[in-house]
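The values are calculated or read from the model by the stated rules, or taken from the named source; none is laboratory data. Fair warning: this is a prediction, and the values are worked out from it, not measured in the lab. Quick reminder, even Gly has a Cβ in these numbers, built from the backbone with ideal geometry, and neighbours come from all protein chains shown.
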Amino acid sequence: MSARDIIVRPIITEKTSVASADNNTVTFEVAKNANKTAIAQAIVEIYHVKPVSVNTVNVHPKKRRVGRYEGMTRAYKKAYVKFAENDSINIFGENND
C-alpha cells in the first residue's frame, strides 16, 4: 500500500480544530486495514514530519433517516496523529510566507 492509499483525507470539524490548537494533534481518515506503524510511516512520507503518537478509532455506522427512507452512514477508521511542540503540518495547502 502506498502512503496516499493509507491516508484518505484529513477530518476537519470543530472538535478536531480544538484538538489541533490545544494538543498539536491532526485527525485523518485512514484505510480500514492500516495499523499505527503504517500510518506513522505514511505521515512521514507525505508531510516529512515524524509523529509523536498515533491513536486509532473505528467509527461504526449509524442509522440516519431522510423522510421515510432509512439508511446507514458508512463505517471508517480515523487516526489522531500527535506531533511534537515545534512540529506542525499544513493540511489546507496554504503558503504561510
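Residue-level analysis places Asn35 outside the set of residues that are under 11 Å from the mean Cα position of the chain (by Cα), at pLDDT 90 or above and not aromatic (Phe, Trp, Tyr). Please find, within segment 23-33, the residue that is surrounded by the fewest Cβ atoms within 10 Å (Cβ to Cβ) out of those that are among the hydrophobic types (A, V, I, L, M, F, W, C) and over 14 Å from Ser88 (Cβ atoms). Ranking the candidates gives Ala31 first. In segment 1-22, the residues that are within 19 Å of Asn90 (Cβ to Cβ) reach residues that are buried (at least 16 other Cβ atoms within 10 Å of the Cβ) and of a type in the set (Phe, Trp, Tyr) with C-beta atoms within less than 8 angstrom, at least six apart or across chains, in these pairs: Ile7/Phe28; Val8/Phe28; Val8/Tyr76; Arg9/Phe28; Pro10/Phe28; Ile11/Phe28; Ala19/Tyr80.
A single member of Ala79, Ala3 is at pLDDT 95 or above, in contact with a helix residue (DSSP H, G or I) (Cβ under 9 Å, 6 or more places away or on another chain) and surrounded by 15 or more Cβ atoms within 10 Å (Cβ to Cβ), and it is Ala79.
Here's the yes/no breakdown for (1) touching a helix residue (DSSP H, G or I) at 6+ places or on another chain (Cβ under 6 Å); (2) not in a loop (DSSP other than H, G, I, E, B):
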site: Thr16; (1), (2): no, yes
site: Ala21; (1), (2): no, yes
site: Thr27; (1), (2): yes, yes
site: Lys32; (1), (2): no, no
